[in-house]
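> Quick one: structure below, then a few questions.
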Amino acid sequence: MRVQDFDYDLPADLIAQRPLERRDGSRMMVLRRSDGTVSHRAFRDVPEFINPGDLLVLNDTKVIPAKAWGRRGEAAVEFLFLREKAAGVWDVLCKPARRVRLGETVFFADGFQAEVVEAGEEGRRTLRFGEPDVLARLKKSGSPPFPPTSREGKRTRPGGRRTWPDTRPFTPPKKGRSPPRRPGFISAPKS
């Protein structure tokens, strides 16, 4: 599977820039498998489509500040932390990946550093940190990985280069939503 397999055209005016105040007003596309018809409804209507015996899966993970900027030499590199393989060992995507080679050391904020122990295709790398609690460091110096289609995801510094380091504070979810139980979601939710 390749990252570009997930590329598709999405008109800019259909991309939410912030969550709705009332989340149940989020738009929902309904595809009737019986006849192939498509309709557009609000999420509050979802009970109309659940039948006895259906399985409803709820996502109780919370967004982690999984985006962090690192330096390899003079180059600023954007990292998206995907999953923890073992204590202190993480799979990441990095951009530009050509700057991050096997065996090299990457330096993050506050003296935090990692060695590149695996180099895969399409920007995939595995980093080994000198300490086991990488998530605690991300909570201090990481940021939510806003999609590049959002205004937040297009934040740049003068000259069109991405801001480094990204100092936007991590904003916890608003009150009134079901509290997330465990960290692990790496994409900022949009409605």
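Every read-out reported here was derived from the displayed coordinates using simple, explicitly stated rules and does not represent laboratory data. All of these numbers come straight from a predicted model, not from anything done at the bench. Cβ placement follows ideal geometry from the backbone for every residue including glycine, while neighbour counts extend to all protein chains displayed.
> Rank by packing, highest mean first: peptides 88-98, 114-124, with packing defined as the count of other Cβ atoms within 10 Å averaged across residues.
Details: 88-98: 17.1, 114-124: 14.8.
Going by the mean number of other Cβ atoms within 10 Å, highest first, we get 88-98, 114-124.
> Lys and Arg at +1, Asp and Glu at -1: add these up for the other residues within a Cβ distance under 10 Å of ALA75 and post the number.
Numbers: positive: ARG71, ARG72, ARG98, ARG99; negative: GLU74.
Combined, the nearby Lys, Arg, Asp and Glu give +3.
> Enumerate the amide H contacts of GLN113 below 5 Å, restricted to partners 5 or more residues apart or on another chain; note that Pro and chain-start residues carry no placed amide H.
PHE108, GLY130
> Over the stretch 15-60, what is the relative contact order in percent, taking alpha-carbon pairs closer than 8 angstrom and at least six residues apart? Provide the component values of the computation, followed by the final result.
On the way: 31 pairs, mean separation 13.1, N = 46.
Rounded, it is 29 percent for the stretch 15-60.
> Between the stretch 118-137 and the stretch 38-53, how many Å separate their Cα centres?
If we compute the Cα centre of each part, the gap is 40 Å.
> Here's something else I'd like to know. Which net charge results for the neighbourhood of LEU127, defined as the other residues with beta-carbon distances under 13 angstrom from its beta-carbon, given Lys and Arg at +1 and Asp and Glu at -1? The partial results should precede the final answer.
On the way: positive: ARG72, ARG83, LYS85, ARG101, ARG124, ARG125, ARG128, ARG137; negative: GLU84, ASP91, GLU104, GLU115, GLU118, GLU131.
Net local charge, LEU127 excluded: +2.
> Can you tell me the order of 103-113, 24-34, 71-81 when each peptide is scored by its average per-residue count of other Cβ atoms within 10 angstrom, highest first? The partial results should precede the final answer.
On the way: 103-113: 14.6, 24-34: 10.6, 71-81: 16.8.
Ranking, from highest mean packing down: 71-81, 103-113, 24-34.
> Could you give the nm distance between label points at ASP110 and VAL30, where each point is 7 Å from its Cα heading toward the beta carbon?
According to this spin-label approximation, the distance is 4.8 nm.
> Still on this model: Tell me, in nm to one decimal, what length is gained between THR37 and LYS62 on full extension, where the rule is 0.36 nm per residue of separation less the Cα-Cα distance?
Numbers: separation 25, 0.36 × 25 = 9.00 nm, distance 3.34 nm.
This chain segment gains 5.7 nm when fully extended.
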